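Written below as structure tokens is the structure these notes are about.
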Amino acid sequence: MPFFTDSTEVAVEGVGAARRIGWMRFVGNGLGALPIASIILERQADASAWVLLLLNAVAWPAVALVLTRRARAPAAVQFRCMIVDSLLGGAWIAFMALSTVPSALFAALLVADKIAAGGIRLATRATLALVAGFVIAWLALGLPFQPVTSQRTIVLSLPFLFVYGIGLSVLSWRLARRVKSQNRQLQRLSRMDPLVELANRGFLIQRAQQVLEKRPHQGGDACLLMLDVDDFKQINDSHGHRAGDEVLRHIAAVLRHLARPGDMPARLGGDEFAVLLGQRTPAEAMHVAGQIRQHLQEPRTPESADIGFSVSIGIAAAAGTGTAEDWLAKADKALYHAKRHGKNTARYAE
């Protein structure tokens, strides 16, 4: 019998999601048992039909739940259980002698459920299982065919259809929210330098290009600061790379602290950083450079407290630059001049 399922939940959350799907199976199988019970009563079937229905509605969901809980790969086991669901569903369609309403409902939901869970591949495998279950049971029962559905069976089919529709909508909504959240997280990770948790070079260039494209329409000025640690290699050689990483994290923390709305601090790579300053004049950018150098001399984390270091900073205004890469190259040239003039200083690009 079909049940509510969400393959992305299984893939992402593993055991927890597989368990939730297992409990949904109890609901789906229980509601699906109602029209089957109605047909059993109508045809006055023997006790074996009731036993099989009870096993399918209660025992099988419990077995599937235990299997997924104990499995090392709960998602894979859950999908195999879904194939069994379709096999059993096909057998019940044969038992109902193709009673039109419940048979169509079972077949449609069994296929739709698998498409939602695992796409066409899972749906194809499950549909083959459904057909196999139907053919085997139909032949074993002597090819019964009674398509007319009683009013009672139709009514008892409605809760299954109604609950499934509402449940599938809720799960789809939750899935959409989860996927949207994951996409935002992936986008954030693709734009962030993992060591210092600042924007990476690619994202900085993208944002800088946007600033350049908006300047002719919005006016104002913007500046780009480029800085690196003076003699950073000596820090790594003398104190180790772990200490060097702490220095980089400290610089990143200072840049985040000094950034205001519209600014973007970023790590370009190695010991090179940049700060995109929106709506700042060159004089204001020089002031920010001074603040950065001042804050970097204040008390730091224990890991880097005993390491003396300084930074050199190059400053370039957006005016007169064509692309973000040109702008960055202009700031890099100013940084080079700062290095040549004794380091631990800031220079503005001419």
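We did not get these values from a lab; they are worked out from the coordinates using the rules stated. Nothing here was measured: the structure is a model prediction, and the numbers come from that model. Virtual Cβ from ideal backbone geometry, glycine too; neighbours counted across all protein chains shown.
A simple spin-label model places the labels of V66 and E298 6.3 nm from each other, with each point 7 Å out along Cα-to-Cβ. Between 0 and 90 degrees, the angle of helix 100-140 with respect to the longest Cα principal axis of the chain falls at about 10 degrees. For region 7-189, the convex hull spanned by the alpha carbon atoms encloses 106 Å³ per residue. Considering only P35, Q206, L224, whose Cα is most displaced toward the positive end of the charge dipole of the chain, charges sitting on Cβ of Lys, Arg (+1) and Asp, Glu (-1)? Farthest towards the positive pole: P35. The value of relative contact order for the chain, using C-alpha pairs under 8 Å at least six residues apart, is 15 percent. By the equivalent-ellipsoid construction on the alpha carbon gyration tensor, region 194-348 comes out with semi-axes of 27, 15, 14 Å, ordered largest to smallest.
Over all other residues within a Cβ to Cβ distance under 13 Å of V63, the charged ones net out to +3, with Lys and Arg as +1 and Asp and Glu as -1. When the charge dipole of the chain is built from unit charges on Cβ atoms (+1 for Lys and Arg, -1 for Asp and Glu) and taken about the Cα centre, the candidate among A283, G342, A47 whose Cα reaches farthest toward its positive end is A47. For region 152-301, the relative contact order works out to 26 percent when only alpha carbon pairs closer than 8 Å and six or more residues apart are counted. Each label was represented as a point 7 Å from its Cα along the Cα-to-Cβ direction; for A243 and V58 these points are 7.1 nm apart. Here the extension length gained between Q182 and L158 equals 5.1 nm, from 0.36 nm per residue of separation less the Cα-Cα distance.
In this simple spin-label model, placing a label point 7 Å from the Cα along the Cα-to-Cβ direction at both W173 and V84 gives a separation of 3.3 nm. Counting Lys and Arg as +1 and Asp and Glu as -1 over every other residue whose Cβ lies under 12 Å from the Cβ of A49, the net charge comes to -1.
The H on the amide N of A346, modeled in the peptide plane, is under 5 Å from the matching H of I313, each at least 5 residues off or on a different chain.
Based on the Cβ-Cβ distance of Q151 and A104, what FRET efficiency does E = 1/(1 + (r/R0)^6) give at R0 = 22 Å, to the nearest 0.05? The calculated FRET efficiency here is 0.85. Our estimate of slack between H337 and R43, defined as 0.36 nm per intervening residue step minus the Cα-Cα distance, is 96.4 nm.
Assuming charge only on the beta carbon of Lys and Arg (+1) and of Asp and Glu (-1), the dipole of the chain about its Cα centre is about 640 debye to the nearest 20. May I ask you to list the residues of region 100-125 whose amide nitrogen lies under 16 Å from a point 7 Å from Cα along the Cα→beta-carbon direction of I136? Only 125 fall inside the zone, counting backbone N under 16 Å.
Relative to the longest principal axis of the Cα atoms of the chain, the long axis of helix 241-258 makes an angle of roughly 90 degrees. In angstrom, the C-alpha Rg and Dmax of the chain are 33.0, 100.
The residues packed around V77, meaning those with a beta-carbon under 11 Å from its beta-carbon, carry a net charge of +4 if Lys and Arg are +1 and Asp and Glu are -1. In loop segments of region 114-178 as defined by DSSP, the chymotrypsin sites (Phe, Trp or Tyr not before Pro) with at most 12 further C-beta atoms inside 10 Å of their C-beta are F145. Return one number: the angle in degrees, 0 to 90 and rounded to the nearest 10, between the long axis of the Cα atoms of helix 282-295 and the longest principal axis of the Cα atoms of the chain. Relative to the chain, helix 282-295 is tipped by roughly 80 degrees.
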